[in-house]
Amino acid sequence: MSTKTGQQHPIGLYLKIWLLLFVLSTLSYMVDYFHLSGYLRWGLILLFMMLKAGLIVAVFMHLAWERLALVTAILLPTFGLLVLVALMAIEAGHTHAIRQLFFR
């Protein structure tokens, strides 16, 4: 009689990732604590946010151990949406600049 069991990951892995998430959250807090501003502030906040989200998805949602086809099916559309959002932000800046120039 054989029973099928799922793959078990060592608890140490989860504890290390939890510690890393804590460190990244602390660094994110330090951005505000040191009163950083402008593009540096937002760049660091977005960087820490993406790193934390990536770790959570990869380890706690077990995406790191999935097939490449599934990972690609999840990550490629997300990356495509981020590219489109960036293009819309650039277009919004251009539209705002044109309106400021002509509607004074």
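Coordinate-derived values only; no laboratory data. Remember, it's a predicted structure, so these values are computed and weren't measured experimentally. Don't worry about glycine lacking a Cβ; one is built from the backbone with ideal geometry, like all the others, and counts go over all protein chains shown.
Work out from phi, with θ = phi - 60° and the Karplus expression 6.51 cos²θ - 1.76 cosθ + 1.60, the ³J(HN,Hα) of each residue of the stretch 36-53, listed in order in whole Hz, and give x for Gly and Pro.
5, 9, x, 5, 4, 4, 5, x, 5, 4, 5, 4, 5, 4, 5, 5, 5, 5
Taking the Cα centre as origin and putting +1 on Lys and Arg beta-carbons and -1 on Asp and Glu beta-carbons, what dipole magnitude results for the chain, to the nearest 20 debye?
Charge dipole, the chain, about its Cα centre: 20 debye, nearest 20.
Using amide H atoms built 1.01 Å from N in the peptide plane, name the residues 5+ places from Glu66, or on other chains, whose amide H lies under 5 Å from its own.
Long-range HN contacts for Glu66: none found.
Mind running the shape call on the stretch 1-95? Use the C-alpha gyration tensor, a ≥ b ≥ c as the square roots of the eigenvalues: rounded below 1.5 for a/c, prolate if a/b tops b/c, oblate otherwise.
On the way: a/c = 6.37, a/b = 1.49, b/c = 4.26.
Because a/c hits 1.5 or more and a/b fails to exceed b/c, the stretch 1-95 counts as oblate.
Given springs between every Cα pair under 10 Å in a Gaussian network model of the chain, which of Leu20, Leu40, Leu55 has the largest fluctuation?
Leu40
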